[in-house]
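Read-outs throughout are calculated quantities, based only on the coordinates presented, and are distinct from any laboratory measurement. Since we're looking at a predicted model, the values are computed, not measured. So basically every Cβ, Gly included, is an ideal-geometry build from the backbone, and we count neighbours across all protein chains shown.
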Amino acid sequence: MRRRIALTKLVRVVQIPRMPRKPVVRETVSLYQAKTQLSRLVDRAAAGEEIVIAKSGRPRARLVPLEDTRGLRVPGRGKGGWRLGKDFDAPLPDEVIRGFEGGR
């Protein structure tokens, strides 16, 4: 007779903490309302609401907030953070050039 062992005894269970999410408020709007009030609906979705867009009473699309909202890159932010060597644009050694050209 085989003895059964619970899986939790064999594997260490690790719970990964999740970011707290805002409560989702679902509202269904008609396609006509979505077209006329798109800017407001996008602002509400960005605030965490979920909006369902329906056509003829049937759900057709969902407007939801983005998960990843990183800022735009700023040119020049890394200035002074790294340096090029003085020989950066010096000619390459012959052996390296031969390697690029397929010779050995």
* Structure fact -> Sorted by chain and then number, the residues having a modelled amide H within less than 5 Å of the amide H of Leu63, at least 5 places away or on another chain, are Ile51, Val52, Ile53
* Asked: R0 = 35 Å: FRET efficiency of Arg73 with Gln37, Cβ-based, nearest 0.05?
  -> 0.65
* Convex hull per residue volume in Å³, alpha carbons only, for the range 21-65 -> 54 Å³
* Structure fact -> Karplus ³J(HN,Hα) for the range 30-40 (6.51 cos²θ - 1.76 cosθ + 1.60, θ = phi - 60°; Hz, whole; x = Gly/Pro) runs 6, 4, 5, 4, 5, 5, 7, 10, 4, 4, 5
* Structure fact -> Computed ³J(HN,Hα) along the range 70-82: with the Karplus parameters 6.51/-1.76/1.60, θ = phi - 60°, integer Hz and x for glycine or proline, the list is 6, x, 6, 5, 10, x, x, 5, x, 4, x, x, 8
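As an exercise, identify the GluC sites (Glu not before Pro) in the range 66-104 lying in DSSP coil whose Cβ has no more than 10 other Cβ atoms within 10 Å. If you can, show how the numbers build up before the last one.
On the way: sites: Glu67, Glu95, Glu101; in loops: Glu67.
Those satisfying the criteria are Glu67.
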